[in-house]
Amino acid sequence: MPATVPEGVRHEPRRDRLIHERVHDPYAWHRKPTEPTRCSECGALFLEGRWRWGLLYIDAAQGVCPACRRAADHAPAGVLILTGRFIARHRDEVLFLLHHHEGVERQEHPMHRILDIEERDGGLVVTTTDIHTPARLGKALERSHHGDLDIRYVEGQYFVRVHWRCDA
Ligand SMILES: [Zn+2]
């Protein structure tokens, strides 16, 4: 990112860092939760300002984490749409790759998860709990199989729409 980005510039190709700072996630906790707090649904622990896995021996307050609340509400923060002939021909391979990369992402960032994968018109629609995972998954597909990747953050909202098309 250039050192001086003038105020009001709204079409940078990579806006995820800016979005992250500027746009409020409505599912984030409004005030700092008691530390530590453990999610009663998934077991993630909020400690030292972030969510992490494990540490089951730590006594913690109970709560429900933002990712589990999004899952319960069916309220994704991102969508990755996969289209093109490649998906039909290599469906299992694509699904494997999606789950693999989500697993790596979720291990490091417990709030970054796939909510659902749905087949639609011969393609796949992947919804996520966060605005980072769709781009990560799309970039992983692009690295492996080329195709065309398009990442669009929805102005003023905590939402990303990513489209990957491949006809190989
Ligand atoms: Zn949870």
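Quick notes on this one:
- The apolar share of the surface of the chain, taken as the fraction of accessible area on carbon and sulfur atoms (1.4 Å probe, ligands and nucleic acids excluded), comes to 51 percent.
- Charging the Cβ of each Asp and Glu at -1 and of each Lys and Arg at +1, and nothing else, the dipole of the range 24-168 about its Cα centre rounds to 160 debye.
- Whole-Hz Karplus values for the range 111-125 come out as 8, 9, 9, 7, 8, 7, 10, 10, 8, 8, 6, x, x, 10, 10 Hz, taken residue by residue from phi with 6.51 cos²θ - 1.76 cosθ + 1.60 and θ = phi - 60°; glycine and proline positions read x.
- Amide hydrogen proximity for A77: with H placed 1.01 Å from N in the peptide plane, the residues at 5 or more positions away or on another chain lying under 5 Å are T128, T129, D130.
- When the Gaussian network model of the chain links Cα atoms closer than 10 Å, the mean-square fluctuations of D148, D25, D121 top out at D121.
- Relative to the globular-protein estimate of 2.2 N^0.38 Å, the Cα radius of gyration of the range 73-165 stands at 0.99.
- Cα point-scatterer Debye curve for the chain, base-10 log of I(q)/I(0) at q = 0.10, 0.19, 0.20 Å⁻¹: -0.43, -1.21, -1.28
- Its DSSP H runs of at least 4 residues, each contributing -39,500 (n - 2.57), put the calculated 222 nm mean residue ellipticity of the chain at -9000 deg cm²/dmol, to the nearest 500.
- In the range 35-109, GluC sites (Glu not before Pro) in a DSSP loop with at most 16 other beta-carbon atoms within 10 Å: E41, E48
- Å² per residue, accessible surface of the chain at 1.4 Å: 59
- For the range 112-168, GluC sites (Glu not before Pro) meeting the loop criterion (DSSP other than H, G, I, E, B) and having at most 15 other Cβ atoms within 10 Å: E155.
- Expressed to the nearest 5 percent, the antiparallel share of DSSP beta bridges inside the range 73-165 is 75 percent.
The values are calculated or read from the model by the stated rules, or taken from the named source; none is laboratory data. This is a predicted model, so every value here is computed, not measured. FYI the Cβ positions are ideal-geometry reconstructions off the backbone, even for glycines, and counts take in every protein chain you see. Ligands, DNA and RNA are stripped out before the accessible areas are found, and what is left, the full protein with its side chains, is counted by its heavy atoms. Shrake-Rupley method; radii C 1.70, N 1.55, O 1.52, S 1.80 Å.
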